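A quick write-up on the structure given underneath.
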Amino acid sequence: MAATRWPSVAQKKRIFQEVGYQPSDAQWPVHKSKAQVLLVAGGERAGKSRVVAAEVLARTPWCYRAGQVAIVAQEYDQSRSECEYLIGDFERLQWLARAPSLPRQGTWSWDVIGPKGTIGFETISLSRAGVRELTGRGKAYDVVLVCEAGLVSYDTLLGALGRVSETRGLIILSGTLWSDVGWLPDLYQAFAGPNIFNGAVFALPTWGNLAKFPGGEDDPEIKRLRDTLPTGEFSRRVAAQLVPSAGRVYPEFTYATHVKEIEYDPELPVYLAVDPGYRPSLYAVLALQIVTESVTDQDSGKTVALETVRQIGEVWQHDLTHHDVIGLCRGQEWWHGVTQAIGGHETKQHQAAASTAEVWRNLVGTVENDPEDFTFTTFNAGRVLDGIVRVKTFLSDPALKVPRYYCAPGCTGTQQEFQKYSRRVSSKGEVTSEEPEDRNNDAMDALRNFLVWKYGLVERSGAFGVVKAGKRRGASRG
């Protein structure tokens, strides 16, 4: 066997032939890819479990650096099909080193005889401790297969990247595009071109599973689905194509660009952007730090000092009082570094009760480790549409084309709202109003309010709305 990192297509083909697996034309591109992260999106009954299991099977003899393969899912049952395919193939090849351990509940595990030693397989459920179930084992993996990837958090991908970095290993993300929002659809778009993950996306349409639909795209069942399902549903559920929402307010936000590991810097002040939730809304508190970075202007070649906003944490919860939220903030490592909270006009007064600002001012400073010098500022950011423009300039600076806002992976509430915050859309997918819907926007309101408070609104001039430079609470270039 050649001492290369991964097998050639010809070597994979010989293994496939030995177990009787015959990829269709739609499935072969997965097996020919040299990407480090494979995103395999399948239509319903497209056979994606068989495809990704076969890819792991073909790479198993080359898993000699760590000798470990992890099969990850939110719940154990969601990786059952892939495991059954793998175990069946290993039995046919007589590669099993021992009888698999297959309890009804809990981790499945088995060992495979490799050319340079034993290769261990284990399933990992993220239901209890999240990505720590993967990263906390202290293991390096040659392959990490994530099943039903759309049901796990973005942290899972970041954790898997860390687990395979030592071995230059492979990550496979397998799932169905149940929605047009979330980190998996986001990567679906990003992986269509050059990207920082060296990732590639593969859409496996339902008709590519010739074992179930021998007529391919012309199979009678596929034709029936095309005639009966709405166009968008057919594209998503059968053709495995992403159908993005035209109404999304912040399409500029992407996980690959804006979500990254961020460390709290105790030398820098922490700002809190506060949007109090009164049922049925959420209570959103965003912990933010401002960092000055040097960026090169590609047009002039000059180095520019640019402030970036880093979201290091959040409280994003239903049905909490001001006291509850402050209590949660007190448990965060950044709490003692807070110098100022900024809330919108609704924090200034509330019917028949103390205002948000009053409660925060009265409570903060009464407990040990509270911030020593804390103020709560109420601020009216003005029109929502104007504030949205300011946020967009931080998602991508209009002059330098670089992001000026990042958030930590754990800020999942904020990430979710960036995906879901939308304008009204008709049944035909057409935007019916420029104004966003008043939902999925608690963190969005808090962030928008903070950025306008700190950097002002974007001043426009001329027919095309040229962005001008300015100062805080005045016009700002972005």
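Taking the alpha-carbon set of segment 70-164, what are its Rg and Dmax in Å?
13.2, 37
Mind checking segment 343-414 for GluC sites (Glu not before Pro) that DSSP puts in a loop (not H, G, I, E or B) and that have at most 11 other Cβ atoms within 10 Å? Don't jump to the answer; show the numbers that get you there.
Working: sites: Glu346, Glu358, Glu368, Glu372; in loops: Glu368, Glu372.
Those that pass, being in a loop and sparsely packed, are Glu368, Glu372.
Once you place label points 7 Å from the Cα toward the Cβ at Arg439 and Lys223, how far apart are they in nm?
The two pseudo-label positions are separated by 4.0 nm.
Past 23 Å, Cα to Cα: identify those pairs from Lys48/Lys260; Lys12/Lys34; Lys34/Lys392, in the order given.
Values: Lys48/Lys260 29 Å; Lys12/Lys34 13 Å; Lys34/Lys392 35 Å.
As for pairs spanning more than 23 Å Cα to Cα, those are Lys48/Lys260; Lys34/Lys392.
Under 12 Å Cα to Cα from Lys139, which aspartates and glutamates show up? Leave out anything in the same chain fewer than 8 places away.
Partners found: Glu122, Glu166.
When the distances between all Cα atoms of the chain are binned every 10 Å from zero, what whole-number percent does each bin get?
Binned Cα distances yield the sequence 4, 17, 25, 22, 17, 11, 3, 0.
Hey, fewest Cβ within 10 Å first, where do Val37, Val146, Val425 land in order? Please list the in-between numbers first.
Working: Val37 23, Val146 31, Val425 16.
Result, fewest neighbours first: Val425, Val37, Val146.
Calculate the spin-label point distance for Phe374 paired with Ala99, positioning each point 7 Å from the Cα along the beta-carbon direction, and give it in nanometres.
Simple spin-label model gives 6.1 nm for this pair.
Would you mind working out the magnitude of the charge dipole of the chain relative to its Cα centre, with +1 at each Lys and Arg C-beta and -1 at each Asp and Glu C-beta, to the nearest 20 Debye?
Values: 54 positive and 56 negative charges, 251 e Å.
With only Lys, Arg, Asp and Glu charged at Cβ, the dipole is about 1200 debye.
Determine one quarter of the surface area of the Cα convex hull of segment 9-237, which equals its mean projected area, and express it in nm² to one decimal.
12.6 nm²
Does segment 255-467 come out rounded, prolate or oblate, given a ≥ b ≥ c as the square roots of the eigenvalues of its C-alpha gyration tensor, rounded meaning a/c under 1.5 and, failing that, prolate meaning a/b above b/c? Let's see the in-between values first.
Working: a/c = 1.78, a/b = 1.23, b/c = 1.45.
Here segment 255-467 falls in the oblate category.
List the GluC sites (Glu not before Pro) in segment 185-270 that DSSP assigns to loop (not H, G, I, E or B) and whose Cβ has at most 13 other Cβ atoms within 10 Å. Which are they?
Working: sites: Glu217, Glu221, Glu233, Glu252, Glu261, Glu263, Glu267; in loops: Glu252, Glu261, Glu263, Glu267.
Loop-located and lightly packed - Glu261, Glu263, Glu267.
Could you tell me which residue out of Gly343, Ala192, Thr228 lies farthest along the dipole of the chain toward its positive end? Charges go on the beta carbon: Lys and Arg +1, Asp and Glu -1, centred on the Cα centre.
Final value for the positive-end residue is Ala192.
Once the cut-off is 19 Å, how many percent of the Cα-Cα pairs in segment 13-105 end up in the long-distance tail? Walk me through the intermediate numbers first.
Values: 1861 of 4278 pairs.
In whole percent, the share of Cα-Cα pairs in segment 13-105 beyond 19 Å is 44.
Where a ≥ b ≥ c are the square roots of the eigenvalues of the C-alpha gyration tensor, would you call segment 376-450 rounded, which needs a/c under 1.5, or, failing that, prolate if a/b is larger than b/c, or oblate?
Working: a/c = 1.41, a/b = 1.33, b/c = 1.06.
Because its axes are fairly even, with a/c under 1.5, segment 376-450 counts as rounded.
Quick one: if the Förster radius is 51 Å, what FRET efficiency do Val384 and Lys212 give, using the C-beta to C-beta distance and rounding to 0.05?
Details: r = 48 Å, r/R0 = 0.95.
Step by step, r from the Cβ atoms, then E = 0.60.
With labels modelled as points extended 7 Å from the Cα through the Cβ direction, what inter-label distance (nm, one decimal) is found for Glu358 paired with Arg423?
Inter-label distance under the simple model: 4.0 nm.
Here, each number is a calculation from the coordinates, and none is a lab measurement. As the structure is a prediction and not an experimental result, all values here were calculated from the model. Positions of Cβ are generated from backbone atoms using ideal geometry, with glycine treated the same way; all protein chains shown enter the neighbour counts.
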